[in-house]
Structures are given as structure tokens and as C-alpha cells.
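Asker: Before I ask anything, here is the structure I am working with.
The values are calculated or read from the model by the stated rules, or taken from the named source; none is laboratory data. Just so it is clear, the structure is predicted and the values come from calculations on it, not from any experiment. Ideal geometry is used to build each Cβ from the backbone, glycine not excepted, and the neighbour counts take in all protein chains shown.
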Amino acid sequence: MVGDHIFKALSDKNRRKIIELLQTKEMTAGDIASNFELSKPTISEHLKVLKKADIIYSEKEGNFVKYYLNTTVFHEVVSFFMNIIKK
Amino acid sequence: MKTIKRLKWAFLGIMIQIPVTIWIVSADFTFKNFLIPAASAIAIISMLKANKANAIIKKTEKKEEFIYYVINILVVYLTILQPITIFKSVAIVRICLGGFLIIFGNILPRAPRSTSGFLPFAVKSEKIWRKTYKLFGFLTVLVGIILVLFGFFNIISSKYIVIILYSPVILFVEIYSYFLWKKEKKLDLRSL
């Protein structure tokens, strides 16, 4: 199915938290990792999955790679219902 | 310059489509049966040309990509809408317009910030822009769904249903962005 990777990306609690964090401003991978108790490789793996689903995109700025939100209304609605179901 | 080259074909499609669509809908034109396929063919060819140009230049900015995407949707929808006007069915046109609003509203939160726009307060900061366009996208999708439903169940049979449904949305978004800006200004003053 076309939307499979979107549902997969949004089914994880930590990934939904990353989206919530990026809602306020763009962040580097380090900034995002400092909000979690997970290891940096795990965060990087989460970011990779989100990037594949086109929910975030990254841009290189000097030495840092910054992550920006790239959600659609559909992503927001799915993530909202996932939050309710999987609480 | 590369952007202009890439967008040239797509723009050409719209520039031909819009007047032809208005012309066909408003006047009872005798060459209708010839003109509609011709205009559709031009639109599709121009879109394919634009796609080809897009594939050659791989590195694109997010802003250009978004504009390009919106133009693509417009061309496709205008191409679909033109043959449909033959049937003169209000329901089909409403469902098509509703579908367009759903697709367009869906990608609205992705709109990159520009220096100008019809929302003068949303331009002022990235945070306000994102919040405003998120709401704008949601409301546009909602109006699209309502329009599709009105296509199936003909409750309100007004010609100007899109204007009736959509103008409050734009007004509401405008007011919302103004209040967000006012709130941010207040916080800025406090931090000083």
C-alpha cells in the first residue's frame, strides 16, 4: 500500500514526540537527542524512518544538519488518532 | 534562470487552461467539442515537458518544489473540470472542486515561508506562519469534505457555494494570524 510507510513512521511513540518537538522550531539531531533518554544512533534511526515517509526533511547548514517539519494535514490527523489509540 | 525554464511549461499550461475554462463555462460555444480535447492535450503535453525539465535538474529548493507541485495539481484539475462541464451536472463539479480543495489543503502546511502573501501577519515569523498554515490547511480540507457531501446531497443549491463556504475560512485565518502576532509581540516586550 502507498501509505504503509506513513503509518509505520507514525506508529511509534518516540517518533510522534519528535514531530511534536519540531513543531516549535527546526532542530539538529543533537538538539532532538537531548530531549530523549535514548541513544543517538536510535534517534538517528527514527529520523531516517520519518525522512523516508516525507514527514521531515533535512538541510545542511555549515557543520550541522538541521531537521525541518514537512507534515501534511493527513499526517497530523493520523498522528492525532494514533496518540488516542496507543495511550 | 533554471527555475524559469522549469516552470515555463507548467505556467503555459495554466495560462491556456484558465481562460479556456472560463470561456467554456460562461458561453455556449459551438466549437466546444473540438476545443476541450485540444486544451486538455496542450495541458498534458506542457505538464510532461515540465516534468522532464524537473527530472534533469535534480537539486531543487523546497520553495520551488512546492510552487511546482501546486501548479501540477491545478493543471490536472483544470483538465478534468473542462470535459465535465459538458454534462452540466452541479454534483460532479462540486465533487471535483471538493477533491481539489482536499488535495490542496492537505499540502498547505508544507508551504514554505515567503516574504509576502495574503496573510500579512503570518509573514512576520516562522512560528506564526507554520501555525497559521496548519489551521488554514485543516479548514481547507474541511471545506472540501463539506463540498463533496453537498455534491452527493444537494442541500444548498446556490451557485456561489464555494465563496459562501470559503470566505469565512480566509477571514478566520486572517484574524487568527493577527492574534498570534499580537501575542508574540507582547511576549517580546516582556522579555525586553
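Asker: Within segment A:16-47, count every residue that is over 23 Å from B:P112 (Cβ atoms) and not polar (S, T, N, Q). Give the steps one after another, and end with the answer.
Answerer: First, the residues of segment A:16-47 that are over 23 Å from B:P112 (Cβ atoms): A:16-17, A:30, A:33-46.
Right, trim to not polar (S, T, N, Q) and you get A:16-17, A:30, A:33, A:36-38, A:40-41, A:43, A:45-46.
So the count comes out to 12.
Asker: Take the residues in segment A:11-30 that are within 20 Å of B:R130 (Cα to Cα) and in contact with a His (Cβ under 9 Å, 6 or more places away or on another chain); name whichever of them is farthest from the other protein chains (Cβ to nearest Cβ).
Answerer: We begin by selecting, within segment A:11-30, every residue within 20 Å of B:R130 (Cα to Cα); these are A:15-28.
When the remaining residues are screened for being in contact with a His (Cβ under 9 Å, 6 or more places away or on another chain), the result is A:15, A:18-19.
Values: A:R15: 18, A:I18: 16, A:I19: 12 Å.
For segment A:11-30, the residue satisfying everything is A:R15.
Asker: Using the structure shown, decide if A:E37 is within 23 Å of B:L135 (Cβ to Cβ), of a type outside the set (A, V, I, L, M, F, W, C) and at pLDDT below 90. Can you show your working first?
Answerer: On the way: within 23 Å of B:L135 (Cβ to Cβ): no; of a type outside the set (A, V, I, L, M, F, W, C): yes; at pLDDT below 90: yes.
It is false that A:E37 is within 23 Å of B:L135 (Cβ to Cβ), of a type outside the set (A, V, I, L, M, F, W, C) and at pLDDT below 90.
Asker: Against the conditions (1) assigned to a strand (DSSP E or B); (2) charged (D, E, K, R); (3) in contact with a helix residue (DSSP H, G or I) (Cβ under 6 Å, 6 or more places away or on another chain), where does A:E59 fall short? Just the number, please.
Answerer: Result: A:E59 passes all but (3).
Asker: Evaluate segment A:71-79: report whether one residue or more is in contact (Cβ under 8 Å) with a residue 12 or more places away in the chain and touching a Lys or Arg at 6+ places or on another chain (Cβ under 6 Å). So that I can check it myself, show each step before the final result.
Answerer: Let us first name the residues in segment A:71-79 that are in contact (Cβ under 8 Å) with a residue 12 or more places away in the chain, namely A:71, A:74-75, A:78-79.
Subsequent filtering for residues that are touching a Lys or Arg at 6+ places or on another chain (Cβ under 6 Å) retains A:79.
For segment A:71-79, residues in contact (Cβ under 8 Å) with a residue 12 or more places away in the chain and touching a Lys or Arg at 6+ places or on another chain (Cβ under 6 Å): present.
Asker: When you scan segment B:116-139, how many residues do you find that are away from chain A (no Cβ under 14 Å) and either in a loop (DSSP other than H, G, I, E, B) or acidic (D, E) (or both)?
Answerer: Keep residues of segment B:116-139 that are away from chain A (no Cβ under 14 Å), which gives B:116-124.
Checking the rest, the ones that are also either in a loop (DSSP other than H, G, I, E, B) or acidic (D, E) (or both) come to B:116-121.
Adding up the residues that qualify gives 6.
Asker: Any residue at all in segment B:171-191 that is β-branched (V, I, T), under 23 Å from B:V90 (Cβ atoms) and in a helix (DSSP H, G or I)?
Answerer: So the first thing to find is which residues in segment B:171-191 are β-branched (V, I, T), and the list is B:173, B:175.
This time we only want the ones that are under 23 Å from B:V90 (Cβ atoms), so: none.
Looking for residues that are β-branched (V, I, T), under 23 Å from B:V90 (Cβ atoms) and in a helix (DSSP H, G or I), one finds none in segment B:171-191, hence no.
Asker: Taking into account only those residues within segment A:31-87 that are of a type in the set (D, E) and over 24 Å from A:F7 (Cβ atoms), which is farthest from the other protein chains (Cβ to nearest Cβ)? Walk me through it before giving the result.
Answerer: Start the filter on segment A:31-87 by keeping residues that are of a type in the set (D, E), which leaves A:31, A:37, A:45, A:54, A:59, A:61, A:76.
With over 24 Å from A:F7 (Cβ atoms) added as a condition, the list becomes A:31, A:37, A:59, A:61.
Values: A:D31: 16, A:E37: 27, A:E59: 8, A:E61: 14 Å.
Ranking the candidates gives A:E37 first.
Asker: Which condition does A:D31 not pass, out of (1) part of a helix (DSSP H, G or I); (2) loosely packed, with under 15 Cβ neighbours inside 10 Å, if it passes all the others?
Answerer: Against the list (1) part of a helix (DSSP H, G or I); (2) loosely packed, with under 15 Cβ neighbours inside 10 Å, A:D31 comes up short only on (2).
Asker: With respect to the numbered conditions (1) more than 24 Å from B:I145 (Cα to Cα); (2) buried (at least 17 other Cβ atoms within 10 Å of the Cβ); (3) hydrophobic (A, V, I, L, M, F, W, C), which one is the sole condition not fulfilled by A:V78?
Answerer: (1)
Asker: Still on this structure, please answer the following. Which residue out of B:L108, B:L142 is of a type outside the set (D, E, K, R), out of contact with any helix residue (DSSP H, G or I) (no Cβ under 6 Å at 6 or more places or on another chain) and within 12 Å of chain A (Cβ to nearest Cβ)? Lay out the reasoning, then the answer.
Answerer: Working: B:L108 fails: out of contact with any helix residue (DSSP H, G or I) (no Cβ under 6 Å at 6 or more places or on another chain).
After ruling out the rest, the residue left standing is B:L142.
Asker: Do we have A:Y57 as without any contact (Cβ under 8 Å) to a residue 24 or more places away in the chain and surrounded by 14 or more Cβ atoms within 10 Å (Cβ to Cβ) here?
Answerer: On the way: without any contact (Cβ under 8 Å) to a residue 24 or more places away in the chain: yes; surrounded by 14 or more Cβ atoms within 10 Å (Cβ to Cβ): yes.
So A:Y57 fits the description; yes.
Asker: So, one more: Please find, among A:D4, A:D31, the residue that is without any contact (Cβ under 8 Å) to a residue 40 or more places away in the chain and more than 16 Å from A:Y68 (Cα to Cα).
Answerer: Details: A:D31 fails: more than 16 Å from A:Y68 (Cα to Cα).
Every option except A:D4 fails the conditions.
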